[in-house]
Every structure is written in structure tokens, then in C-alpha cells.
Amino acid sequence: MASPVFGFADLHCHVMAHLGFGGHVLAGFPDGKMEQALARCDIHLHGKWGLGNFGKNWPLVQVFIEGGVGHGPCGHGTYADWPHFNTMVHQQLFVEWIQRAHAGGLRLLCSVAVNNELLAEEFHHPDKDESSIEKQMRELRRFTERHSSWMGLALSASEARRLIASGKLAVVAGVEVDSLDSLLGDRELLNKQALPQERLPRILQWLRDQGFRMITPLHLANNSFGGAAVYDDKFNLLNHFLRGRFFDVQGNPSVGFRLGQDLDTQTKLVIAFYELTRRAHYPHGYALNAPGQGHVNQLGLTPLGETFLREAMRQGFILDVEHMSERCTDSVLGLAEQTGYPVVASHCAFREQALAPQDTSRKSKRASEYQKTREQARRILALGGLLAPITNQLELKDFPGGTVENDCARSSKTWAQSYQYALSLLREVGAGGVAMGTDFNGLNQQPGPRYGPNAAYSLKDDKAREKRRPVQQRRQIDKPQLPYAGTMYRSDAPFVKARANTREFDFNTDGLAHIGLLPDFIRDLVHVGMTDAQMDPLFSSAEAFLRMWEACESRSAALLGGDLADAAIPRLGEPPAPKPAAPSTPRPGPRVKPPR
């Protein structure tokens, strides 16, 4: 048996997202000379004040990004407004920053190709999912080859293990698009007729030939495989654009999110813009649907989706169960349990930790279908899979008995609540692993700082909780800041501030502004109360991912070979066999000890 590797894994980021969304949304490049790769975006892309380049093809939707107020000059020079923890459309994965994260213990990075056909069209550079992810995969290959001295693209678990064992960063390519079912076909045609089953192996083989090894079957909209999680009214517009209809929802008492209600100003403007330009009318009937309960998608896993996943298992893909509706997630986990096939939740949150509807005015803090239930999280771990709490957790309930005070909303302390929750499930189940999922470059934001004017940032504009903000800010001032001295946590690399030209990044006041500050994020977790024993699973997460991947490859070989377990997964056109007994819980592997 191979020796365990040491280090942590980021299971979800988007290194090549500048090529997604039509190539005109995300400013900056991940490679090249810094002054060129991170050139001022107001000149070349986002326009004056970040509101777009005015003219005939002015993308008005630009106004609604970054909070709807644009931004100042940013990029090479002072880097005053970029990188920043709350940016959504600026590069946060520059190569030098990735290398600094690697020095601080990052050993495995899942780079996920992403696209949004509606956003690409609104920016007047339409790009289909197929062509977009093909471009991103091609450039990811070139990127890893240019920096082969310290990173490499891993096409198998054994290759990833060799890369990490030799001191390099293993990069695993994934795909996360809304219309995975329309690859090698016509999306608009699929809205009129069913996807032929015989195309499914071709889609998966095409993805393998490209170099993808990890797939997210559902993203922000429904497709032929199943229903997407309901947690943002803007994604309802996307579903209408892609599928010709809005989400059909039903009530669920475990969630507080409701479509069409408590809309913030930005969402109202986006809906009005969509209605005007697309001649559509956002449904008003959601207010009458299941009053007193939250909304979840009615659509679960379709028969075609089940067939697709069976074939994906045969081909050994790593399956990511994020963004699926609750019904779809439960069905996928049931299918995985039939065969003992592990899955991952690459950038997750947990429903039990969300705030109650009456406690916050912001819908994004309420329990939603995006978040995993306790039982779903346990089932993922029992399969030998991984939970990777997303770094930006906004605001959560206290984790009972935790070692980190939950007194600075949307900071490292907030992520610590989610991570400790995942660790508690890991101890209960005794299998699987816990990593992190940053979602850098994914039109998402990151944890903010604990000091300065941006401290406790998630309480801003929350009418039900904003009075707590000055209290939380004062509590941080009374405590010592993270010192920059010694070495990075569990590393021999010196712990000094990251730089971009003349700008220094101080995690205390900058938060997680880019991936190069992950070592600072980790040091701050320890600084605020995480113990070495609690950090052990995180620094064993690269090993946990490799074992999960090896299990996928092993099950794939068994299924292709037609062993007895294959009876649970019929081939295309065959009727399903009776469900076998649930597999026994796998035993945990040995704990990885940090190097001295």
C-alpha cells in the first residue's frame, strides 16, 4: 500500500473561469507577467467605474454585478480594489498565489470548468457549454505543463499520488455546467424531445478524452438528469432562459428560503431587467405555494439521470452531488449506496446551521435546498466520500461545544463552525474525509476580515442583525491580531505577508482576498482556537480524496468486469435489479501525521 500523502485539498475552484461566461466577465488571467495578467480592468474589460464599456453593445447586466454599484480602478498598480474578499468578477487564482498556497500545504486542487450561457449572451459573447469547457480544459493542460516543475494535471488517482509524493500540486479537472446533457447535441432541441440514451456514453467518453475526471451532473438549472437546488431567484431566471419555464416548487418545513419573497434590491432589478429584455413575467404565485414553509424543487432524479450516473460509475468518474434538489440528492445517494460508490460534496453547507427566517432579513442566510441535511452529509461520509465546507459561510448558528467563538460573522470564525460540524459527523460515522471548497473565480465571494471597517461583514445590510455588528467588531479589537512571524502552519515556508507590486495583504484586515492567503486563513483558524487534533483531518484531506478516487476506480473496474455488484446497475436498456442490502460502513484509514 502506498504511503499516505500529507496536505489539504481544495475540492472546488475555477482556475480557467476567465474563459467562461463568454470570456468577458472575469477580469484578469491566471498566468503571465503580473502587470499584464492583472492589468486594470476599467481600461480593458469592465469599463469606467466597473459599469461596462458604454456603446452599442454595452452589457447593461454589468451594472448588477459586484452589488450593483460597480467598482473603482483596480488591478496592476496599487491593487487598491482588487483582489478583495468580496469581489465576484476579478481574478483570484493567479499562478504566484496558487504557488504560495502550495507552500502552505495545498496538495490537491480541483479546477472545475464552468459556464453560464445566459450571462455569456447578456455580455454579447454567447458561448455554449461544450465549446466553453473545451477551451478551459485545453488551457488548463497548457497551464499545468508550463509550471510542471511544481504542479501537474492528474488523470488518475495513482498519478495524483505520484505528483504529491514528489512535492508537486496535483490538479484534477472537473466540469460544472447547467446543460451537461446537451454536450454533443442541441440544448434547444432537448426542450422539445428527450435525450437519446445512446448519447450518454458518448458524452462521458468525450469528457474523459478531454481530461475531465470529476463531474457535477446538476448546476443552477434543471436538465434532463434531474432537478437543481432552489436557493436564488436569479437562478429561476436562468432556468426559464434554458428550459423555457420557471421552477416548480413544493413546501418543505426544514428550509426557510422562498422564491419570489423578501427580494433584495439587486434581485428586483435583475428580475425587472430580465422581464423587460426577455418578455417574460416572473411568477407571482410563489407566495401562495406552501405558506409557512420553504420552497424546494419538485423535480428529483429522472430515469435518464439514473442511467447517466450508472454509466458515469462504470467509467470511474468522481461524482459531485452539489446543486442537486433534495429529492435528486437522496436518489443519487441511494444509487451510490447500492454499489458502494463514493461521492463528494465539493463546496457544501449544512442546513442545521442556517439561521431561522425570523432571525435574518437576508434570504441567503436562511436554510435552503442547497445545504445538505444532516442525514445526507452522514451518508456521503459513510460511502467513503468527502465533505468540503465552502469557505464563504456568511453567518451560522454556534456549533455547540466548539473551540472557536462564533462572534465575527463571515470570517474564519464562521467557517470554523461549519468545519467543526463536519468533523463531528466524521467522528460519528468513522469514514470519509473533510476538506475545503473555496469556489474561487466562481462568481462567489470569500470570508472577510476580523479587523477594520469590513469586520463582521455579513451583518451589513441585514436589518434584523446589523445592530450586532459594532458589538462583534469591538470584540475582535480586544483580542490580538494574527501575527506574521515564524513559518506557515505545518510548513517550513516563512510566514510573511503576501504581496502584489507595492501592496501587502494582511489577513487581519483583508480577509481571504485570493488563494494565496489560504495559509493565512489556516493560521488564523489555529489562532482563534482550532486545535492541532482538529486540523489533522484537513491536512489529511488530500489523502482522503485519493482513497475516495481509488475506490471509484476500483468500483468502475468491477462494474465493467460484470461482478456480482454489477447486478445493481443494469446496462442501458436493461430493467433494474432488486435493491441489495446496504453495504457495511467502511473502516477509517490511518491518521496522517504531520512531518516534523
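Residues of the stretch 304-345 being charged (D, E, K, R), within 21 Å of the chain's Cα centre (by Cα) and more than 17 Å from ALA551 (Cα to Cα), which ones?
Initially, the stretch 304-345 is screened for residues charged (D, E, K, R), giving 306, 310-311, 314, 320, 322, 326-327, 330, 337.
If we keep only those that are within 21 Å of the chain's Cα centre (by Cα) as well, we get 320, 322, 326-327, 330.
GLU322, GLU326, ARG327, ASP330 - these are the residues of the stretch 304-345 that are charged (D, E, K, R), within 21 Å of the chain's Cα centre (by Cα) and more than 17 Å from ALA551 (Cα to Cα).
Residue under question is ASN454, and the condition is that it be surrounded by fewer than 21 Cβ atoms within 10 Å (Cβ to Cβ) and within 19 Å of the chain's Cα centre (by Cα); does it hold?
On the way: surrounded by fewer than 21 Cβ atoms within 10 Å (Cβ to Cβ): yes; within 19 Å of the chain's Cα centre (by Cα): no.
Criteria not met by ASN454.
Restricting attention to the stretch 323-333, and to residues there that are farther than 14 Å from LEU180 by Cα, touching a helix residue (DSSP H, G or I) at 6+ places or on another chain (Cβ under 9 Å) and not hydroxyl-bearing (Ser, Thr, Tyr), which single residue is surrounded by the fewest Cβ atoms within 10 Å (Cβ to Cβ)? Reasoning before the result, please.
So in the stretch 323-333, the residues farther than 14 Å from LEU180 by Cα come out as 325-333.
Cutting the leftovers down to touching a helix residue (DSSP H, G or I) at 6+ places or on another chain (Cβ under 9 Å) gives us 326, 328-333.
Next, from what is left, pick out any that are not hydroxyl-bearing (Ser, Thr, Tyr): 326, 328, 330, 332-333.
Working: GLU326: 23, CYS328: 26, ASP330: 18, VAL332: 25, LEU333: 21.
Only one residue tops the list, namely ASP330.
Pick from the stretch 307-336 the residues that are part of a helix (DSSP H, G or I) and among the small types (Gly, Ala, Ser): which of them is nearest to PRO196 (Cα to Cα)? Explain how you work it out, then say what you get.
The first filter runs over the stretch 307-336 and keeps only residues part of a helix (DSSP H, G or I), leaving 307-314, 326-336.
From the residues that got through so far, the ones that are among the small types (Gly, Ala, Ser) too are 312, 331, 334, 336.
Working: ALA312: 16, SER331: 22, GLY334: 24, ALA336: 23 Å.
Only one residue fits best here, namely ALA312.
Taking only pairs six or more apart or across chains, which ones have beta-carbon atoms under 8 Å, a first residue in the stretch 35-54 that is among the small types (Gly, Ala, Ser), and a second residue that is modelled with pLDDT of 70 or more and in a helix (DSSP H, G or I)?
Within 8 Å, the pairs are GLY50/CYS41; GLY50/ASP42.
Determine which member of the set LYS372, LYS363 is charged (D, E, K, R), farther than 25 Å from HIS527 by Cα and surrounded by fewer than 22 Cβ atoms within 10 Å (Cβ to Cβ).
Values: LYS372 fails: surrounded by fewer than 22 Cβ atoms within 10 Å (Cβ to Cβ).
Exactly one residue qualifies, and that residue is LYS363.
Hey, can you tell me all the residues within the stretch 405-415 that are part of a loop (DSSP other than H, G, I, E, B) and either buried (at least 24 other Cβ atoms within 10 Å of the Cβ) or modelled with pLDDT under 95 (or both)? Outline the logic, then answer.
The first filter runs over the stretch 405-415 and keeps only residues part of a loop (DSSP other than H, G, I, E, B), leaving 405-411.
The answer is CYS408, ALA409, ARG410, SER411.
If you scan the stretch 388-404, which residues turn out to be closer than 25 Å to SER346 by Cβ and either outside the structural domain of LYS363 (by TED's automatic domain parsing) or modelled with pLDDT under 95 (or both)? I'd like the intermediate steps shown before the answer.
Initial filter on the stretch 388-404 (closer than 25 Å to SER346 by Cβ): 388-397, 399, 402, 404.
None - no residue of the stretch 388-404 is closer than 25 Å to SER346 by Cβ and either outside the structural domain of LYS363 (by TED's automatic domain parsing) or modelled with pLDDT under 95 (or both), so the list stays empty.
Go through the stretch 124-171 and give me each residue that's hydrophobic (A, V, I, L, M, F, W, C) and either assigned to a loop (DSSP other than H, G, I, E, B) or surrounded by fewer than 17 Cβ atoms within 10 Å (Cβ to Cβ) (or both). Steps first, please.
Restricting attention to the stretch 124-171, the residues satisfying the condition of being hydrophobic (A, V, I, L, M, F, W, C) are 133, 137, 140, 143, 150-151, 153-155, 157, 160, 163-165, 169-171.
Once the filter is applied, which keeps residues that are hydrophobic (A, V, I, L, M, F, W, C) and either assigned to a loop (DSSP other than H, G, I, E, B) or surrounded by fewer than 17 Cβ atoms within 10 Å (Cβ to Cβ) (or both), the stretch 124-171 yields TRP150, ALA154, LEU155, ALA165.
The values are calculated or read from the model by the stated rules, or taken from the named source; none is laboratory data. Small disclaimer: the values here were computed from a predicted structure and weren't measured. Glycine gets a Cβ as well: all are built from the backbone with ideal geometry, and neighbour counts include every protein chain shown.
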